[in-house]
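Enquirer: Please see the structure below; I have some questions.
The values are calculated or read from the model by the stated rules, or taken from the named source; none is laboratory data. A quick note: this is a predicted structure, and the numbers were derived from the prediction, not measured. Backbone-built Cβ (ideal geometry, glycine too); neighbour counts: all protein chains shown. Heads up: the accessible areas ignore ligands, DNA and RNA and are worked out on the full protein's heavy atoms, side chains in. Shrake-Rupley method; radii C 1.70, N 1.55, O 1.52, S 1.80 Å.
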Amino acid sequence: MCIRDRYMGNISDADSILETGCGCGYLGVETLRRRKPSATLQLTDISEGMLIRARRKMELIKSSQSGILTLHDLYAASKDVDPSKESPECDIPELNVSLRIDDNQEMKTVKSESLDVYLSNFTLHIVPDSLKMIKEIYRVLKPGGRFGVSITGRRVNNEFMMSFSDAAIEKGQPPLFGMKIFALAENIEGTRKMFEDAGFVNIQNWYEFIPFGIRSTADLDKYMGPPWIAATDEAVKSDIMAFVKDRLGKIIYEEHRPIGLESALFVGQKPAA
């Protein structure tokens, strides 16, 4: 079971659901599968390109008789995005879905105390003001409403991410990740306190590691490009991949540990009236 499944919990009783920072829409696809058909789902993102990708997936589900998308469908929906030619925002009444451009830290499209469930996947750690986003979560939830938030985990357990970033630095390229993205998980008690200070109760938090299924260095070839390698020069890209394969190869062949992603997860509730 993947990260997004676990922290969502039981949302089948929710009438209104919001996912902020929806990105390409993968969590939105899963939310559609789990919610009751009459529940409203709003997806927001600050990026027009990302929201277009999410919109395409929702429209594919609408047109699909089974409502199930293949991996080919999901990947195809993310290609060749041009915000000048497609509108990211739309309503899909057949699915009770709406997509809007919005900022997690100050949402203009969401009314106060209007939501049963708030979801956010790998967003809290990259916004400029994490506390401001947490306060917005509190504002938009109804009394008794629930939230589920995941963030990037600790550096020490995210060797996959760090190997690409360290390789870029080694080859004179900009680092892929600033250290800020790990700060919330590495001070998990401090992050929990931000939720508590905002007024949330019944908070639970934990770390979770998800293996990628990488069993050989050859499996790493699929990551030879954005977002993991930003360089466009083929020689530099080749050098970066050699660095990554050398570092991660030791983990695979000598330490016999899985390669994957650690996240930190938080769930909680706004007090009932």
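Enquirer: Cα centroid distance between region 95-140 and region 194-248, in Å?
Expert: Answer, in whole Å: 25.
Enquirer: Taking a ≥ b ≥ c as the square roots of the Cα gyration tensor eigenvalues, with a/c under 1.5 meaning rounded and otherwise prolate when a/b beats b/c, else oblate, which class fits region 94-180?
Expert: prolate
Enquirer: Moving to a separate point now. For residue 91 and residue 73, calculate 0.36 nm times their separation in residues minus their Cα-Cα distance, and state this gained length in nm to one decimal.
Expert: Answer, rounded to one decimal: 4.4 nm.
Enquirer: Of all chymotrypsin sites (Phe, Trp or Tyr not before Pro) in region 160-212, which ones are in loop regions per DSSP and have a Cβ with at most 15 other Cβ atoms within 10 Å?
Expert: 212
Enquirer: Let me ask another. What list of ³J(HN,Hα) couplings, whole Hz, do you get for region 46-60 from phi and the Karplus terms 6.51, -1.76, 1.60, once you set θ to phi - 60° and write x for glycine and proline?
Expert: 7, 9, 4, x, 5, 5, 4, 4, 5, 4, 4, 5, 4, 5, 5
Enquirer: With r defined as the distance between the Cβ atoms of residue 101 and residue 203 and R0 fixed at 30 Å, what FRET efficiency is calculated, to the nearest 0.05?
Expert: After rounding, the FRET efficiency stands at 0.50.
Enquirer: Compare the peptides 256-262, 215-221 by average per-residue count of other Cβ atoms within 10 angstrom and give them in order, highest first.
Expert: Packing proxy ranking, top to bottom: 256-262, 215-221.
Enquirer: Collect residues whose amide H, placed 1.01 Å from N in the peptide plane, falls under 5 Å from the amide H of residue 90; neighbours closer than 5 in sequence don't count.
Expert: Here 99 satisfy the definition.
Enquirer: Considering only the chain, what is the antiparallel percent among its DSSP beta bridges, to the nearest 5?
Expert: Within the chain, antiparallel bridges account for around 50 percent of the total.
Enquirer: How large is the Kirkwood hydrodynamic radius of region 165-263, counting all unique pairs of alpha carbons, in Å?
Expert: By the Kirkwood definition, the hydrodynamic radius is 15.9 Å.
Enquirer: Would you kindly calculate the translational diffusion coefficient of region 1-159, applying Stokes-Einstein with the Kirkwood radius from alpha carbon pairs, for 4 °C and a viscosity of 1.567 mPa s, and quote it in µm² s⁻¹ without decimals?
Expert: This corresponds to a translational diffusion coefficient of 81 µm²/s.
Enquirer: Compute the angle between helix 188-198 and the longest alpha-carbon principal axis of the chain, please, reported from 0 to 90 degrees and rounded to the nearest 10.
Expert: Its long axis makes an angle of about 20 degrees.
Enquirer: Please build a GNM for the chain, connecting alpha carbons under 10 Å apart, and tell me which residue among 254, 196, 170 fluctuates the most.
Expert: 254
Enquirer: Once the other residues with Cβ under 13 Å from the Cβ of residue 92 are scored (Lys, Arg +1; Asp, Glu -1), what is the net sum?
Expert: For residues surrounding residue 92, the net value is +1.
Enquirer: Could you report the chain's accessible area per residue, 1.4 Å probe, as an integer in Å²?
Expert: 49
Enquirer: Would you grab the residues whose amide H sits under 5 Å from the one on residue 145? Only those 5+ places off in sequence or on another chain, please, with H modelled 1.01 Å from N.
Expert: For residue 145, whose amide H was placed from the backbone, the distant partners under 5 Å are 270.
Enquirer: Taking all pairs of different Cα atoms in the chain, averaging 1/r and flipping that mean, what Kirkwood radius in angstroms comes out?
Expert: Hydrodynamic radius (Kirkwood, Cα only) of the chain equals 19.9 Å.
Enquirer: Using helices alone, I'd like the mean residue ellipticity at 222 nm for the chain: each DSSP H run of four-plus residues gives -39500 (n - 2.57), total over residue count, nearest 500.
Expert: Theoretical 222 nm ellipticity from helices: -10500 deg cm²/dmol.
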